[in-house]
Structure formats: C-alpha cells, structure tokens
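What follows is one structure encoded as structure tokens, with my remarks underneath.
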Amino acid sequence: MSKQDKIKKLIDSRAEAKMGGGEKRIKAQHDKGKLTARERVEILLDEGSFEEFDMFVTHRSTHFGMDKKKILGDGVVTGTGTIDGRVVYVFSQDFTVFGGSLSETFAQKICKVMDMAMKVGAPVIGINDSGGARIQEGVTSLAGYAEIFERNILASGVIPQISAVFGPCAGGAVYSPSLTDFVMMTEETSYMFVTGPKVVKTVTGEEISVSDLGGADVHASKSGVSHFKVEDEEEGLLLIRKLLSYLPANNLEEPPMTECDDPIDRLEGSLNEIIPENPNEPYDVKEIIHSLVDYGEFLEIHRHYAKNIVIGYARFDGMPVGVVANQPNYLAGVLDIDASRKAARFVRFCDAFNIPLITLVDVPGFLPGSNQEYGGIITHGAKLMFAYGEATVPKITITLRKSYGGAHDVMSSKQLRGDINYAWPTAEIAVMGAKGAVEVLYGKELKNIEDEQERARFISEKEEEYREYFANPYQAASLGYIDDIIEPRNSRFRIIRALQTLGTKKDVNPAKKHSNLPL
Ligand code: HXC
C-alpha cells in the first residue's frame, strides 16, 4: 500500500467511525428528538477543542454472530477537550451502535478517560444513552460496569463528575450517574430505573409507565436522583458549561475567580423591607439571594426537589460560593428528610472542592410527625449537621428570621465551626416558637383556666413575653453566638468582606481513615 493509500485509509476509517451505527440509525436518533453522541460533544466543548481517543476500538465478542458485526469506536465516543478554555474529559454513549450497550471494550474506553482525568486533575462529563449491558457479552459487561463504578467512587471528592442522561439508563447502569456529583435528565427522552415497568408488573403487579416510573419529572421532583431537568439536550449541555464555571478542576485547586463590576458595597434597600411584620407570613428567599449575589445570577441545583431548602451557586465579587437557604415560601422552610439530604450532599460537595458556604437561615425547626420519624429524620437531619460540622471551607451564616431548636444548631451555627455568623434585626433565635414554648411552660396554669377568653388572653400575654425575650437576635449576640447584628441592606458588603478575610482560612479535621457519616 502506498503512503497516499495509507493516509486515505486513515481518512476513510475516521469517516466510517464518525458515522457510528450508520445513517438510518442516526436518522432514527434524530426522529426521537435526540442528538448523536458526537453532536452532543460538539455542543458541550469549546469549538474545535475535542481530541478523540480510541476511535478504532472494536469489541471482542464472538457470540451470536457478533464477530461479523464490528463498528469502529464500539458505541462510545471518548476524549478530551476544553470548556471556557479549561480541560475536561468526556464520554458520550452512542445509541446508534448496538443501542449504546456496554461491552468490555466500551467500558475500557470509559475507564481510560476517567483514569486520565484523575491523573490530570480535570472534571469528567459522561453522557448516558444506552440499552445497558451488552446482552451478547454476558458477564464481561457486568465487570465493565463495576470497573467504572470503582473509578467513580475513587474520583469522588477529587475531580467533579457530571452525568447527563439523554436516553435510556436502566438496571445497574443507573449507578454510575448516581455515584457522580450532578445528574441531569432531559424531559420526554430520558429515563432511569433499576427495574423497568415490565419487571415491576411481574414482581409486584404494579402497572406504571416508563415516565411515571423513572422520567425526568419523577427524578427531579420526587426521588431527587436528578439535580437538573432540562427541556432539551442543547439546554442541558450549555447548563453543564455554566455549572463548571463555578467549580475548580480538582480538589487541590481554588474555584475560578472572575472579573466583577457589580459594586461590592451595593446597598439593597429592598432587603430592609422584605421580612414581613407577621412572623408566620412567607416570603421568597430566592429574592434575597438574587439581590445579594453578583449581577443577581444564581444557578439553582435541585430546583424541583425539597423546595423548602434552596441550594445553588453564585458569586460574590467574582468568587464562587455555594448558597444554602431555608425557603419560607414552601412548608415554612422546615427541615425534613428530603431537605436535609439535599443540603447535606451539597455542603459536602462544596467542602470537598474548596467552595465557601453562605447559609441564609429562616427555619422553624424539623418537620414533626410519624412519617418523618419512621423515615429516619433523626439520621437524615444528622447528615446535614455532620456535613456542616465537618466542613472546613469558609462558612458565613446570616440568620434572617427564625432559627429554632435543633435546626438552629444544624444550619451552620457558630458551634459547628461557623466562621462568621451574622443576624438581621428581624432574627428570632430560640429553643422553639412562642406558641409551643407557652404550652410547655404554662401547661399546668392553662389546665386551670376554664374561661376561653381568659385563656386566650393568658396565652397571648405569655407568648408576647416570650417573644420579647427570645424573638430577637440580642440574646444570642450577647453570648457571642452571633458575631454581629447587621442592617439587611448592607449584607452583600458584609459577606464579601468576610469572604476576603477568610480567604486564608486554615482548618483541619482529626486524622482518620474516613468519618462515619450517618448514612
Ligand atoms: C445489545 C442492544 C441492547 C443491549 C439495545 N440493543 N439494547 N444490543 N445489548 N442491551 C440494540 C437493539 O438490538 C437494536 O439493535 C438497537 O440496539 C436499538 O434498540 P431498539 O430496541 O430498536 O431501540 P428502542 O426501541 O429505542 O428501545 C431501547 C431500549 C431497548 C428500551 C433500551 O432496546 C431495550 O429494552 N433494550 C434492552 C435493555 C436491557 O434489558 N438491557 C440489559 C439490562 S441489564 P438493531 O440492530 O436492531 O438496531 C443491565 C445490567 C447492568 O444493564 C448491570 C450493571 C451492574
């Protein structure tokens, strides 16, 4: 073969690999409203930055006539590229090739990029669109999955791992995304479940559709498996780029700073007005977040799940932070099982990747009741406590209004090594709300008052007395549990100055193999 022929062979082979499962299957993919594996990578990465690996890999299976069916690349596109000029590694499963099913070689390709990402210290983004284990390969594909799982586990807390689910993801295959830091799903075209509707019906008799069992809505709002629900793939891929703009490439780097023209001492007069006079009236804590952060930009995570707590990324004077805020607009901002789990995982991610935490507190306590107790609110609430208490990143807390009981301690309190704890003058820091406190403190007296009116007058008087004493931040401030009581409109400046001061903070946990988080 001449030199020119050899070059032509290379060009032809590359063109063949780029066609994946062929035109017909690419059309079928498009007809379902899905992009191909390569189209996804093109949108995700900076233009022209993708370097593909293992384009010529084929499977080794010989069963079921597979020796006659070899497709270059074997169903997964892998490689490296940049996002906003920063290196990332990526794998993108190609449904047009054997339904994106995972073979031994397919798994090896994924493991190769994961290993390289760990060596380089760069994020991994996995795009999932697969029929699961390649049925013709049997147990080797199971081993392949486990090789990936182990790498997901070892990479956790070292490099950010992001999973986009843009098609089927079923059986044990769901565990790779769920081991990663962020999961995204597309509406209509994606689903995730451990066992599909047919098996569910056989085993339990329950009849349920694919989307009701494991669609994007279900995982974004009910199970919390998915952090983001997007309308289409392009929206999702651009969102991944945005998410990465807040994150360092690995756990040894600081999060990326950006230029900021939003004045650090911008006064927000509306914050002096936002807390309602009536302590039981709700308001939207997201309005507070938007007014505090640079340019009002807040990337919310888990928007549809456990709405009683809000989490997400923002910047203060160009510095990325993780924001955690109770949401009085939903269930009065109470801490329940889902909210505790949601926030705990977020706090741990931020701590692992050196992202300071800003906590805005307005919490009436933990949600009471047998549902919560039987579900283990004790253990789940402890997760959030553990996450905050273990975190060594700068922790700045502002108590906006209520901060009651155990929930007060949990929400980045001073004694959980909160660095700077501010309160607004509207803060109420106490063991419990006035109503509950009066019932406990004056139980005996109340039993002896028979007249309804007199009883109501007594309760109201005692509640007022309790509020006078506790429904303010001064008792906590007098004990040093609150570092300062600040005017709400100054909060942005106070947070930024605290972040600047804490830039060189050093704090460590005792040496150990690992902690025993209350899982
Ligand atoms: C081999 C597969 C495949 C698989 C799909 N294909 N899944 N080939 N192994 N797991 C092939 C199909 O034969 C078909 O090939 C092509 O991919 C497209 O599949 P269709 O069925 O035509 O597509 P669609 O109608 O969109 O349905 C998609 C699907 C369905 C719902 C994913 O293909 C399906 O149910 N597949 C099997 C899913 C499954 O049971 N997987 C194993 C799960 S167990 P042709 O040549 O006709 O185009 C598992 C264990 C993991 O994954 C354990 C990890 C620990």
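The values are calculated or read from the model by the stated rules, or taken from the named source; none is laboratory data. Predicted model, so just to flag it, every value in this text is computed and none were measured. Quick reminder, even Gly has a Cβ in these numbers, built from the backbone with ideal geometry, and neighbours come from all protein chains shown. To get the accessible areas, we keep the full protein, side chains included, count just its heavy atoms, and leave off ligands, DNA and RNA. Shrake-Rupley method; radii C 1.70, N 1.55, O 1.52, S 1.80 Å.
Ligands, DNA and RNA are left out, and with a 1.4 angstrom probe the accessible area of segment 461-519 is 67 Å² per residue. A simple spin-label model places the labels of Phe64 and Lys27 2.6 nm from each other, with each point 7 Å out along Cα-to-Cβ.
Modelled spin labels at Gln415 and Thr82, positioned 7 Å past Cα toward Cβ, are 5.1 nm from each other. For segment 283-410, the antiparallel share of DSSP beta bridges with both residues in that region comes to about 50%. Normalised per residue, the accessible area of segment 346-390 is 36 Å², obtained with a 1.4 Å probe and no contribution from ligands, DNA or RNA. Cα centroid separation, segment 395-416 to segment 324-368: 10 Å. Which links in Lys109/Lys513; Lys222/Lys342; Lys222/Lys307 stretch past 20 Å when you go from one Cα to the other? Beyond 20 Å between Cα atoms: Lys109/Lys513.
Taking amide hydrogens as placed 1.01 Å from N in the peptide plane, the amide H of Val230 sits under 5 Å from those of Met185, Thr186, Glu187, each at least 5 positions away in sequence or on another chain.
Our summary gives the chain a relative contact order of 9 percent, counting only alpha carbon pairs under 8 angstrom and 6 or more residues apart. Once both labels are positioned 7 Å from their Cα atoms along Cα-to-Cβ, the gap between Thr204 and Asp284 label points is 3.6 nm. If you take the square roots of the eigenvalues of the alpha-carbon gyration tensor of segment 204-281 and sort them as a ≥ b ≥ c, do you get rounded (a/c under 1.5), prolate (a/b over b/c) or oblate? The shape class here is oblate.
Does segment 386-440 classify as rounded, prolate or oblate by the C-alpha gyration tensor (a ≥ b ≥ c root eigenvalues; a/c under 1.5 gives rounded; else a/b over b/c gives prolate, otherwise oblate)? Taking the square roots of the gyration eigenvalues as a ≥ b ≥ c, segment 386-440 is oblate.
Along segment 233-248 the Karplus relation, 6.51 cos²θ - 1.76 cosθ + 1.60 evaluated at θ = phi - 60°, assigns HN-Hα couplings of 5, 4, 4, x, 5, 5, 5, 4, 4, 5, 4, 5, 5, 8, 10, x Hz to successive residues, with x for each Gly and Pro. Subtracting the Cα-Cα distance of Asp12 and Arg241 from their residue separation scaled by 0.36 nm leaves 79.2 nm. Distant-in-sequence amide contacts of Leu102, defined by a placed amide H-H separation under 5 Å and a gap of 5 or more residues or a different chain, comprise Gly132, Ala133, Arg134. In the chain, the DSSP beta bridges split such that about 35 percent are antiparallel, to the nearest 5. Taking a ≥ b ≥ c as the square roots of the eigenvalues of the alpha-carbon gyration tensor, the chain is classed prolate because a/c is 1.5 or more and a/b outweighs b/c.
In segment 308-362, Cα pairs under 8 Å separated by at least six residues give a relative contact order of 41 percent. When only alpha carbons are used to place a centre, segment 155-233 and segment 86-100 end up 17 Å from one another.
Helices in the chain, meaning DSSP H runs of at least 4 residues, each add -39500 (n - 2.57). Divided by all residues, the mean residue ellipticity at 222 nm is -11000 deg cm²/dmol.
By the rule of a C-alpha distance below 12 Å, with chain neighbours fewer than 8 residues away ignored, no aspartates and glutamates are paired with Lys3. For Lys32, a cut-off of 16 angstrom between C-alpha atoms picks up these aspartates and glutamates, skipping any fewer than 8 places away in its own chain: Glu23, Asp94, Asp129, Glu187, Glu188, Glu231, Asp232, Glu233, Glu234. On the basis of the beta-carbon distance and an R0 of 60 Å, Asp115 and Arg489 show a calculated FRET efficiency of 0.75. In segment 296-446, Cα pairs under 8 Å separated by at least six residues give a relative contact order of 19 percent. Peptides 441-449, 309-317, 159-167, 475-483 ranked from most to least packed by the mean count of surrounding Cβ atoms within 10 Å: 159-167, 309-317, 475-483, 441-449. Solvent exposure of segment 107-196, expressed per residue, is 34 Å² of accessible area, with all protein chains present and a 1.4 angstrom probe. The apolar share of the surface of the chain, taken as the fraction of accessible area on carbon and sulfur atoms (1.4 Å probe, ligands and nucleic acids excluded), comes to 53 percent.
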